[in-house]
Amino acid sequence: MSELLIGLINPMNYGQVNQFFKRCRYPAKATAGEKVFVVKSSGKIIGAAKLKHRPDDTWLLRAICVHPDWRKKGIGSQLLDSIQSVINQDYCYCFVYNHLIEFYEASGFVYADDTAPIDLSQAFEHYCGEGRKIVLMVRYPERKRVSG
């Protein structure tokens, strides 16, 4: 296996990320104003995660995708580890499909409580109304997890 490179990608290269999402049949696009982390092997993107900073100084993990050939090899966990440098001091929310709850819990995410931002709570209710099997999760700032 070749060496894996993980890091923040320059917004000028978001087209590569969008091609990756398309190849994986993943309905997402990297857009201006987002931070996108990628994992590369032999120069090819094999995983990507995108974050959006919100006006209330929280983050929304909008997508995480690993190429099907690379799943179950720790790539997703490495992506979540790589975004910690950005989100450690702030709350980070994400909408999680039920079958991925344990994966996110292993990276420090917990079920969001009634203190979640109202717009995210409303979006969650809307998505559930559409029949999506999801939960709203949050990863608390490092300072809150340490202090209790």
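Here are a few things to note about the model shown:
- Trypsin sites (Lys or Arg not before Pro) within segment 110-143, DSSP loop, no more than 14 other Cβ atoms inside 10 Å: R132, K133
- Under the Karplus curve 6.51 cos²θ - 1.76 cosθ + 1.60, θ = phi - 60°, whole-Hz ³J(HN,Hα) for segment 115-120, x wherever Gly or Pro sits: 8, 4, x, 4, 5, 6
- The magnitude of the dipole of segment 63-148, with charges of +1 and -1 set on the Cβ of Lys/Arg and Asp/Glu and taken from the Cα centre, is near 300 debye.
- T115 accessible area, 1.4 Å probe, all protein chains in place, Å² to nearest 10: 90 Å²
- Measuring between their Cα centroids, segment 99-135 and segment 7-38 lie 23 Å from each other.
- Å² of accessible area per residue within segment 1-111, as computed with a 1.4 Å probe and no ligands counted: 56 Å²
- Exposed-loop-free span, longest in the chain, where GluC sites (Glu not before Pro) count as exposed if DSSP calls them loop and at most 14 other C-beta atoms lie within 10 Å: 4-129
- Lys/Arg +1, Asp/Glu -1 at C-beta; the chain dipole; positive extreme among I101, L5, Q89: L5
- At q = 0.18, 0.29 Å⁻¹, base-10 log of I(q)/I(0) for segment 33-91 (Debye sum, equal scatterers on each alpha carbon): -0.61, -1.21
- Placing unit charges on the Cβ atoms only, positive for Lys and Arg and negative for Asp and Glu, gives the chain a dipole magnitude near 680 debye about its Cα centre.
- Calculated SAXS-style log₁₀ I(q)/I(0) at q = 0.25 Å⁻¹ - segment 11-116, Debye, Cα scatterers: -1.62
- Karplus 3J(HN,Hα) series, Hz, for segment 42-51 with 6.51 cos²θ - 1.76 cosθ + 1.60 (x for Gly, Pro): 6, x, 9, 6, 10, x, 8, 9, 10, 10
- Bins of 10 Å from zero: percent of alpha-carbon pairs in segment 65-148: 16, 45, 32, 7
- Between the residues I46, P117, V36, the greatest Cα displacement towards the positive end of the dipole of the chain, with unit charges on the Cβ of Lys, Arg, Asp and Glu, is found for I46.
- Fraction of accessible area attributable to carbon and sulfur, segment 1-79 (%, probe 1.4 Å): 51 percent
The values are calculated or read from the model by the stated rules, or taken from the named source; none is laboratory data. These numbers were taken from a predicted model, which means no experiment stands behind them. Don't worry about glycine lacking a Cβ; one is built from the backbone with ideal geometry, like all the others, and counts go over all protein chains shown. Surface areas here come from the heavy atoms of the whole protein model, side chains and all, with no ligands, DNA or RNA. Shrake-Rupley method; radii C 1.70, N 1.55, O 1.52, S 1.80 Å.
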